[in-house]
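Here is the structure we will look at.
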C-alpha cells in the first residue's frame, strides 16, 4: 500500500468506529414506554396486583368518536393464562370524564391474546343495549400526557381499581 493510501485508511478508522458505535446504539435502543398500567383486582380467580408497561398502543383522544377517550394496552408476548395482559377502554365523553363518568366500556383480559383467556367486560355506555357492571372512570388529560383512574365492578362482582399513566396521546380529529 502506498503511503498516501495508508494515511487515508488511518483517517477513516476513527470515522468508521464512530459510525459502527452509533449503529450499535440504535440497534440496542428500546422504544420508549408509551404507557404504564397499575391494576388491583379484588375477588375472582385473577385477584391480585398487576403492573405493566408497553411501547405500542396507548392512549387516544377522538379516535372512537368526537370528544372520546380510549386506550389500547396489550402484552402480546404474555402467554401465562393467569397473568394480566390487556386493557381496552372507550369513554364517549372525555370532558365529562374529567370529573368522573359512569359511561364507559372497559375490558380486562388475563392470558394470551389469542386462544384460551379470561375476559371481564364492564359496559355502561347508554347507547349499548347489553350493560354489564358499574363504576367510574376519570380522565385527567394534560395535553401531551394524561392519567386515567378507574374503579369498576364486573357483573360477576369482582372489583377492578387502578390507573393508566399515558406518556403520550394519539389525537384524532
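Rule-based calculations on the coordinates, nothing more; no lab input. Computed from a predicted model, the values in this text were never measured in an experiment. FYI the Cβ positions are ideal-geometry reconstructions off the backbone, even for glycines, and counts take in every protein chain you see.
Each label was represented as a point 7 Å from its Cα along the Cα-to-Cβ direction; for residue 132 and residue 33 these points are 3.0 nm apart.
Residue separation of residue 98 and residue 40 scaled by 0.36 nm, minus their Cα-Cα distance, works out to 18.7 nm of gained length.
Please give the contour-minus-distance gain from residue 170 to residue 82: 0.36 nm per residue of separation, less the Cα-Cα distance, rounded to one decimal in nm. Intermediate results must be reported in sequence, preceding the final value.
Values: separation 88, 0.36 × 88 = 31.68 nm, distance 3.03 nm.
So the extension gain works out to 28.7 nm.
Let me know the shape class of segment 31-171, please: from the alpha-carbon gyration tensor, a ≥ b ≥ c as square roots of the eigenvalues, rounded when a/c is under 1.5, otherwise prolate if a/b is greater than b/c, or oblate. Because a/c hits 1.5 or more and a/b fails to exceed b/c, segment 31-171 counts as oblate. The equivalent ellipsoid that matches the C-alpha gyration tensor of segment 130-171 spans semi-axes of 25, 10, 7 angstrom, in descending order. Potential lengthening of the chain between residue 142 and residue 49 amounts to 30.8 nm, from the contour at 0.36 nm per residue minus the alpha-carbon distance.
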